[in-house]
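What follows is a short report on a single structure.
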Amino acid sequence: MNAARTERLTTAQALVRFLTQQYVERDGREAPFFAGVWGIFGHGIVGGLGQALQQYPELRYYLARNEQAMVHAAAGFARASNRLRAFACTSSIGPGATNMVTAAAGATINRLPVLLLPGDIFARRNVAPVLQQLESPFSADVSVNDCFRPVSRYWDRINRPEQLITALLEAMRVLTSPAEVGAVTLALPQDVQAEAFDYPAALFEKRIWHVPRPRPETALLQPAAEWIKQCERPLIIAGGGVIYSEAGEALARFAEQTGIPVGETQAGKGSLSYDHPQNLGAIGVTGTSAANAIAREADLVLAIGTRLGDFVTASKTAFGHPAVRFIHINVATLDAHKHAALPVVADARAALEELGERLEGWRVSDAYRAHTFRLKEEWEAEVERIFNLNHGPPISQGEAIGVVNAFARPHDVVVGAAGSLPGDLHKLWRTRDPKGYHVEYGYSCMGYEIAGGLGVKMADPDREVYVLVGDGSYLMMSSEIVTSVQEGYKLNVILLDNHGFGSIGSLSKSVGSGGFGTEFRFRNPATGQLDGAVLPIDFVANAASMGAHAIRAVTRDDLHQALEEARRQERTTVIVVEVDPEERVPAYGSWWDVPVAEVSSMETVRQARAEYEQALQRERYFL
Ligand SMILES: Cc1ncc(C[n+]2csc(CCOP(=O)(O)OP(=O)(O)O)c2C)c(N)n1
Ligand SMILES: [Mg+2]
C-alpha cells in the first residue's frame, strides 16, 4: 500500500466511497454495514451528496416521503438486523434536517445505529444568511443542526474536507459499538460537500469492524454466581440486549439448567418462544399477571440487556421483596449499574455461558418451579379468554390481535410503537421467533409503525410484516406507504380505528380528567368542546389513494379473510378494523407514575390524587 497515494474527490464523493467499503464482522460472519442511503434532496445537498450518490450507485439511494419517517425506517432496519447493518439518512439544510431530530432521538434511546447526514449552512459564511439559516446573534457557528447534539452519540460538523477523514472513523466506531451505539450526526455544510480534496486512497480501502462480545470479569462472575446460589426466588428480565447478542439459545439453556423463570421487556420479547414453560411473558406496566407476580416476590433479579425503564420497573414499584438484589448483565455501563446492581459488564451470550458453568448443579426449588408453572398456565388461559371474547362488532382490540397472531406464521414480524397497541401486544402476542416481535417502546413514537415496518421488511423480505397501528398514529404518519409501493416492499398494515387516542383517553380518565381532548370528534357549538359527532375519516380511501390495496373488515371473520387476501397481494395492503374503545385489555397488577394535579376544582381529580399519593408510597430506591 502506498500511503502517499491520493484521490481527488469532493467531500461528498469521498463520504459515499467510504460508506461502500465498511463491513462488520461478528462470530466470523462478515457483511457490508451500509445497505444504502435514505434521502430527500433540497438545495442543501442536491449538488453535493446528491451528485455523489448518482455517481456511485453501488450505495443505493432510497427516496422517502418524510425525513422523520426515513430515519424510523433506518432504525427499524438496524433493529431487525441486530444492529449489524444500517442506513445513512441525508436531508437538506433547515426543515429537512430538523425533521430528522425526532427519529434520531428514537434511534439513540433504542440504542440503534443510524448515520445522519444533514446538509448545513455555508462554512465559508460570505453569503449568509442562506435560505433556511437560523441566525444566532452570539455565534456564526450555530445552525439548526446543533439540535442533533443531545440526541446523537457522536456529532461533528465537517467545515473542511479533510475533517471527514477522522470524523468517518469516529462515526464507525460508535455505530458498530454495542455499548455506545445510537444516532451519529455528521453535518455537512453545503459548500464543503462540493469542494474537492486529495484524499488518501487508504480511506477507501475495505475496512472490517469487529463487533465484540466482551467477556465478563471473573471478579464479578464469582459473586454473581454466589448471589444466585443464595437466593430462593430469582427472576430473569430479558431485554433487547439478549436479542441483539443472539443469546436466545444461551438464555434457554441457562433458564432450563437453573429453573429460573423469565420475564421479557418490550425490546426483549421473543428472547424465548412464548410457549417455553419458563417464559412468563411480558413484565412491568404492560406485563402479564405471571411475570408481575413473580417480580413482586423475587429476592434476586438477573437483568440482561435492558434499560430498566419505568415500564419495566413499574416506576420502581415492581419489585416488592424487602431484600431484593439485582445482577445486571449489560454491555453498557450506563445500564449495568442501574438499581445498584452487581454490574456484569459483558455481552449477554458470553456472560450467560460463563455464569451457567459456575452454576452447574444448582437449581431453584421444585416448589418455586411449580409455582411459576401454575402462574404461567393461568396467564395462558387469560390470553385465550381475551382472544375469544366475541365482542361486538365493533370487535375488541384484544381479539383482533388474536386473529392476526393466529394467522401470522412463526417467523413473520409484528410491528408497533405507540398508543394502546404496545401494551396489548406486549401482553398478548405469542412470539415464536426472536425477530418476530418489533415494538418500538423506548421512545414510543407515534408514526414509527409504518415507516419502521418498512425498514423491518427491507431487512428480511422473506418475512411477512404485520404493522399494527392506531388511527391516531396512522394520521400522524402514513406517508411511507407510498415508499413501500415504490420499492416493492409489501407491508400488511392493520389499522385499529377507535376514533381517537384510546390509550391517552383512558390515562386521562385515570388522572380524573375524563378523557378530555382525546377523541376524534367535531367541535360542538353547544359546548364549545370537541364532544360533537365522531369525525368521519375514510381510512380505506386514504390508504387506497397512496397506492395500497385497502380493505375494510368489520367482524373477526372479515379480518381473517382480509388477512388471506393480503397474503395473496404483492403490494402493501391496509386493513381497516373498527375496534370498541371501551373493551380494553386490562392491566395485571402493575402501576405507572403519571402525576395527578395536587389541587383541583374537580372532584374526580381530587379522588385520583388521593389514590396517586397512596400508590407513590410503593416507589422504592434500590441502593
Ligand atoms: C409523536 C408522538 N406524539 C404524541 C404522543 C403521545 N401519545 C401516546 S399514545 C397517543 C395516542 C395514539 O393514538 P392511536 O394511534 O389512535 O392509538 P390508541 O391510543 O387509540 O390505541 C398519543 C397522543 C406520542 N407517543 N408520540
Ligand atoms: Mg386510536
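Side notes on the structure shown:
- The chain: Cα Rg divided by the 2.2 N^0.38 Å rule of thumb: 1.00
- Furthest towards positive pole of dipole, 446, 481, 468, structure part the stretch 425-482, Cβ charges: 468
- Gyration tensor (alpha-carbon) shape descriptor, the stretch 404-481, a/c threshold 1.5: oblate
- Taking label positions 7 Å along the Cα-Cβ direction at both residue 316 and residue 63, the computed distance is 5.2 nm, reported to one decimal.
- Dipole magnitude of the stretch 74-233 about its Cα centre (Cβ charges: Lys, Arg +1; Asp, Glu -1), debye to nearest 20: 680
- Note that the stretch 61-197 shows a convex hull volume over its alpha carbon atoms of 109 Å³ per residue.
- Qualifying chymotrypsin sites (Phe, Trp or Tyr not before Pro) in the stretch 525-623, where qualification requires a DSSP coil assignment and no more than 14 other C-beta atoms within 10 Å, comprise 621.
- Unit Cα scatterers, Debye sum, the stretch 240-347: log10 I(q)/I(0) for q = 0.25 Å⁻¹: -1.72
- Here the translational diffusion coefficient of the stretch 320-390 follows from Stokes-Einstein with Rh set to the Kirkwood radius across Cα pairs; for 10 °C and 1.306 mPa s it amounts to 103 µm²/s.
- With the simple model of a label 7 Å out from the Cα in the direction of the Cβ, residue 363 to residue 340 spans 3.4 nm.
- Span from the the stretch 1-47 Cα centroid across to the the stretch 351-405 one, whole angstrom: 45
- Rounded Å value of the spacing that divides the Cα centres of the stretch 462-530 and the stretch 214-231: 46
- Computed over the alpha-carbon pairs of the stretch 194-244, the distance histogram in 10 Å steps reads 15, 24, 23, 12, 13, 10, 3 percent, short to long.
- Mean Cβ neighbour count within 10 Å, used as a protection proxy, ranking 290-302, 68-80, 141-153, 23-35 highest first: 68-80, 290-302, 141-153, 23-35
- Projection of the Cα convex hull of the stretch 448-571, averaged over all directions and equal to a quarter of that hull's surface, yields 9.0 nm².
- Dimensionless Rg/Rh of the stretch 246-305 - Kirkwood Rh, Rg from C-alpha atoms: 0.92
- For the peptides 376-384, 440-448, 594-602, 229-237, the ranking by mean Cβ contacts within 10 Å, running from highest to lowest, is 440-448, 229-237, 376-384, 594-602.
FYI, it's all coordinate maths here, none of it is from the lab. Please read all numbers here as calculations on a predicted model, not as lab measurements. Positions of Cβ are generated from backbone atoms using ideal geometry, with glycine treated the same way; all protein chains shown enter the neighbour counts.
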